[in-house]
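*Asks:* Here it is, the structure, as structure tokens.
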Ligand SMILES: Nc1ncnc2c1ncn2[C@@H]1O[C@H](COP(=O)(O)OP(=O)(O)OP(=O)(O)O)[C@@H](O)[C@H]1O
């Protein structure tokens, strides 16, 4: 039986009446073999009753149908009443996680589950707590991660609806495993052997560690938890690319490691891929110590620039802006491949409020940084590419040349030696962001130029050996 195309019908309705229509995915529920998905239509900022279905598509069709019923038949009341009835008649049927997500949407609060494990007598026990906006609710454990999450959401539901007070639940709870007191063992020291302090940034410290069971080395970044520090975690968990530092997991703890935060603050631990100790900053500094500009540096610079641009192209394709690209934030993996790191200033491409705030490292910052978009990363890329190629022997030489380069004025010898590279860098440093090429265009240009450069080099070497 053909189902009516409610999605198309609602689209037409919105277009005819000049209404802004979007759908919001509300999550899934149920065991893997019997999952249901929820979506809702939002028209001109107003939420319509959610649609539930066996697939995301079914849920969308149902959401469109519900919205049309509200708009055309005035049956919105019935739908909401039915939903309310269903939820009061069988509280056990409430999907507390969905409820909490909806609560967050209604009240414009971010809902973040914080899943972790704590060591138990025999094995690790899953725990979960929810951050609702700025407020953290107590953690709850369960037999499985899913159960811990559901119980944690239920606890938030009970507290918000006055069924339980925050006081009586102020202590983290164990569910389903019969333990009421858990020893506070640091997950960091119980799971990892700290090997080396790698460095300290604005957020906190980074340690080289070894997973005690897997015998694999990782980097763990530890800092004081702030709403903003989750930005880095959120972004990293959305990115999976050869040229971006790989993220594994994060957790919160009451205790730090060689660190201190405010008395009430928690610590955030981010487990990442371990990169080489030397950053691109060190690579450039080493090259600058060599006596002459050489062909090898140019060749390697082209490879590195290409890999950075690949990473940036991917970051932009996921609608993020890095905003703090600089050699110190670019690392190398085990095969020498480029790894872009430090996403502490990352922002979303459509977060206007966030993007109007002035952020970044001053000497790599684009002129229009007050109202900017992803092209700020392209400006920084232009400066990095210049620095990769051009030997700046001393700090004073750098201080003299840098402001000129930022204004597209290059040393004469640079323009003569690196004609093609200069053309690319020049476009990246355009004052107007709209004049700067995007990452895909630069990637294509660099690929083409590298091929020409390598074939010139090969024929040059052949002539020399004849
Ligand atoms: N995944 C990693 N592998 C190896 N070293 C790392 C890793 N992540 C960070 N580091 C090193 O740890 C140090 C601190 O890094 P972090 O990203 O916290 O700060 P930063 O980039 O130095 O400063 P800021 O965050 O203030 O810009 C740096 O020296 C960096 O090279």
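The values are calculated or read from the model by the stated rules, or taken from the named source; none is laboratory data. Not measured: the values here are computed from a predicted model. Note that each Cβ is placed from the backbone with ideal geometry, even for glycine, and that neighbours are counted across all protein chains shown.
Table: residues versus (1) more than 17 Å from residue 248 (Cα to Cα); (2) at pLDDT below 90.
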| site | (1), (2) |
| --- | --- |
| 180 | yes, yes |
| 196 | yes, no |
| 200 | yes, yes |
| 208 | no, no |
| 213 | no, yes |
| 217 | no, no |
| 220 | no, no |
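*Asks:* Taking the stretch 188-224 on its own, how many of its residues are within 15 Å of the ligand (Cβ to nearest atom) and either crowded, with 17+ Cβ neighbours inside 10 Å or assigned to a strand (DSSP E or B) (or both)?
*Replies:* 25
*Asks:* Between 445, 431, which is part of a loop (DSSP other than H, G, I, E, B) and either on the phi > 0 side of the Ramachandran plot or in the same structural domain as residue 300 (by TED's automatic domain parsing) (or both)?
*Replies:* 431
*Asks:* Would you pick out the residues in the stretch 232-252 that are away from the ligand (no atom under 12 Å from the Cβ) and under 13 Å from residue 203 (Cβ atoms)?
*Replies:* 233, 250 - these are the residues of the stretch 232-252 that are away from the ligand (no atom under 12 Å from the Cβ) and under 13 Å from residue 203 (Cβ atoms).
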